[in-house]
Amino acid sequence: MHARRWRFQIVMVTVLILEDDVDCRELLGEVLATRAHSCVKAGTLAELAGRKSEALACDLALLDINLGPTQPSGVDACRWLLRHGFHGRIAFLTGHGDSHPLVLEAATFANAPVLAKPIKARRLLEFVQEVG
Amino acid sequence: MGLVALPERDAFAARRATIATALLLLFTDCGFAAIERAVHGDIHWMYLAHATLGALIALLLWRSRMASARWSLVAYVVLVLPMLPIVWVIDARALTSGAPWQPFTGAKLVVLGLIVLTPRSTAAAALLAIFIAEWALFWNHFALWTHPAITASGEPWVVLLYFMAGLLLVWMRWHNHRLDREQYERDLEAQTIREVSQVATAVRDLASTPLQNLELSIADLRSRHPEEQLTLERMDRSVGRLTDLRPLSDKEKEMARVRVLRTVGEHLE
């Protein structure tokens with residue numbers, strides 16, 4: 001009964017998307033927009049820092065773990081967010097295996113699930129809805 | 001750091017051992033020639049011929065860095081076999097001269113050399129057998145059991161002891177070599193698994209974001225063009241199959257491991 005009720009209640013969530021792949025970033029934004037969620041997008045930690053106030057106001061941060069070989073990782077971004085008082089939920093997105101050092105590091109953050117790529121659009125929307 | 005391939009490692013060891021033997025024989029032949037000259041006043045041509053052969057082989061192998069283990073072994077045998085007549089002639093000359101003689105010094109030195117320097121332990125065992133046969137022939141030819149000075153010096157037991165110890169040491173060399181090979185196989189297997197695992201992980205990591213994009217694109221298309229249900233389902237199935245390939249990486253690793261073990265096994269045979 002409860003499940004049926006939330007399925008029809010659409011809660012708008014502001015999602016911070018940190019993803020280095022432009023296509024993936026835009027597509028995540030578009031899929032979330034179909035449920036009226038708004039997004040703040042960034043490709044690197046520097047970009048994220050540049051939009052600090054918007055980023056910190058988000059309800060959910062979806063952080064890609066590997067942001068490129070020369071860039072700080074999603075784990076660094078997570079630390080940055082927590083250091084600056086981010087109060088929303090954090091989730092990691094990754095294409096790496098469970099044994100990758102960065103994934104292992106990401107798994108140490110409490111209440112920050114690590115979602116494996118490719119994640120189904122429906123599963124992603126459900127997750128965002130749960131946060132809301 | 002990668003492992004050096006087994007044939008290359010064997011070839012390097014065989015070439016090094018053969019060059020060492022050639023140089024050793026060159027110096028001992030020259031040394032014995034000098035002793036001969038001091039004692040008898042002349043030099044036997046066999047020393048000089050063998051020293052020249054040693055110098056030639058050392059030079060040839062030194063220059064040909066790509067010599068295979070087989071060629072090095074052939075060169076080694078070519079170096080060692082002339083020792084048969086040389087040992088015979090030296091011992092016969094000493095025996096017939098009537099001068100005080102330490103019996104079979106040459107044969108004992110040859111045994112020690114064969115144990116340490118022969119590139120392959122099977123070849124070492126074969127050469128030891130040839131030299132003991134020659135020694136038995138020599139013993140019989142000169143009827144040395146009737147020679148009081150020789151029997152008084154503990155012969156034939158001392159020489160036989162040398163040969164027995166030689167065979168035992170050669171067997172130990174063969175055993176150690178086998179253990180070494182087994183360790184090499186294990187290292188090679190571990191290295192291959194590591195490499196295959198790295199490749200599989202890299203492929204999986206690189207494929208993840210494109211697959212994610214396809215997944216989200218299909219979802220986007222579905223929301224915009226729900227009437228294209230059939231096409232969207234086909235795309236869904238294809239992406240699903242590609243996604244299912246990722247867990248296969250572990251199976252791929254296992255298959256690669258089996259392939260490598262089979263290749264190593266064939267190579268060792």
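The values are calculated or read from the model by the stated rules, or taken from the named source; none is laboratory data. As the structure is a prediction and not an experimental result, all values here were calculated from the model. Cβ coordinates were reconstructed from backbone atoms using ideal geometry, including for glycine residues, and neighbour counts include every protein chain displayed.
For this structure, a couple of remarks:
- Any hit, region B:193-200, residues being at the interface with another protein chain (Cβ under 10 Å from one of its Cβ atoms), in a helix (DSSP H, G or I) and at pLDDT below 90: yes
- Check on B:Thr231, among the polar types (S, T, N, Q), away from chain A (no Cβ under 14 Å) and more than 30 Å from A:Val31 (Cβ to Cβ): no
- Unique residue being surrounded by 15 or more Cβ atoms within 10 Å (Cβ to Cβ), more than 16 Å from A:Ala112 (Cα to Cα) and of a type outside the set (Ser, Thr, Tyr) when the list is A:Gly43, A:Gly74, A:Gly68, A:Gly50: A:Gly43
- Residue within region B:142-157 that is among the β-branched types (Val, Ile, Thr), over 14 Å from B:Ala107 (Cβ atoms) and at pLDDT below 90 present: yes
- Among the residues listed as B:Ile90, B:Ile132, the single one being surrounded by 19 or more Cβ atoms within 10 Å (Cβ to Cβ), under 31 Å from the mean Cα position of the chain (by Cα) and in a helix (DSSP H, G or I): B:Ile132
- Every test in (1) aliphatic (A, V, I, L, M); (2) over 16 Å from the mean Cα position of the chain (by Cα); (3) buried (at least 17 other Cβ atoms within 10 Å of the Cβ) is passed by A:Val11 save one, and that test is (3).
- Per the conditions (1) in a helix (DSSP H, G or I); (2) farther than 30 Å from B:Asp244 by Cα; (3) outside the structural domain of B:Trp88 (by TED's automatic domain parsing), the sole criterion not satisfied by B:Glu155 is (1).
- In region A:13-132, counting only strands (runs of 3 or more DSSP E) that sit wholly within it, the ones holding 1 or more residues that are more than 14 Å from every other protein chain (Cβ to nearest Cβ) span A:14-18, A:38-42, A:60-64, A:89-94.
- Within region B:167-181, not a single residue is touching a residue at least 60 places away in the same chain (Cβ under 8 Å) and buried (at least 17 other Cβ atoms within 10 Å of the Cβ).
- Filter result for the condition that a residue is exposed (fewer than 14 other Cβ atoms within 10 Å of the Cβ) and either modelled with pLDDT of 60 or more or more than 11 Å from chain A (Cβ to nearest Cβ) (or both), over B:Arg204, B:Arg257, B:Arg224, B:Arg246: B:Arg224
- Condition check for B:Thr122: within 15 Å of B:Val170 (Cα to Cα) and β-branched (Val, Ile, Thr): yes
- Filter result for B:Arg120 (in contact with an Asp or Glu (Cβ under 9 Å, 6 or more places away or on another chain) and among the charged types (D, E, K, R)): yes
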